[in-house]
Amino acid sequence: MEKDIRKIAESINGRNFVPKESKHIRWNYQKSDKNYMDFSLTNYHFLIVDKRDTNNEETLRSIYDSIISVNSFLEEDPAVKGKVKNGEFRYLFASCHALAPKEILRLEKFNCPVIFDKLLVNKKVLNIEDYIYRLYE
């Protein structure tokens, strides 16, 4: 079943498709403009979609805990919560700056589709909501 879920999340017509009726995580990373003790940081972006805000917050906390367990430095940016339009699902968009490499994230442990989304970058709140709306229309 897990392979079936991951298969659904594969690219369809050049887009990463995930049914609205399922929990999923989109993520991206980029070089941060911030440094920590002369080390370059990585800026991670996460869009977590689930039926309840508390589930999204627990998932985000688990991701952050895995980053902190490898390296103690993590700086969080303010998160943005909202409701997916025309649906019962909620989203949580969060960004952080960390020293940890992307390989330690282990996002597959959440047993839901995980999509690397190169268009998911730190944007103004309205732009994030517009981007999410276009994903789920």
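Listed values, structure above:
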{"item": "Most to least packed among 101-108, 32-39 [average Cβ atoms within 10 Å]", "result": "101-108, 32-39"}
{"item": "Listed pairs Lys81/Lys102; Lys31/Lys83; Lys31/Lys118; Lys51/Lys85 exceeding 20 Å between Cα atoms", "result": "Lys81/Lys102; Lys31/Lys83"}
{"item": "Packing-based exposure ordering (other Cβ within 10 Å, fewest first) of His24, His97", "result": "His97, His24"}
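The numbers here are math on the coordinates, done by the rules we state, and not lab data. Computed from a predicted structure; not experimentally measured. A quick note on method: Cβ atoms are made from the backbone with ideal geometry, for glycine too, and the neighbour counts reach across all protein chains shown.
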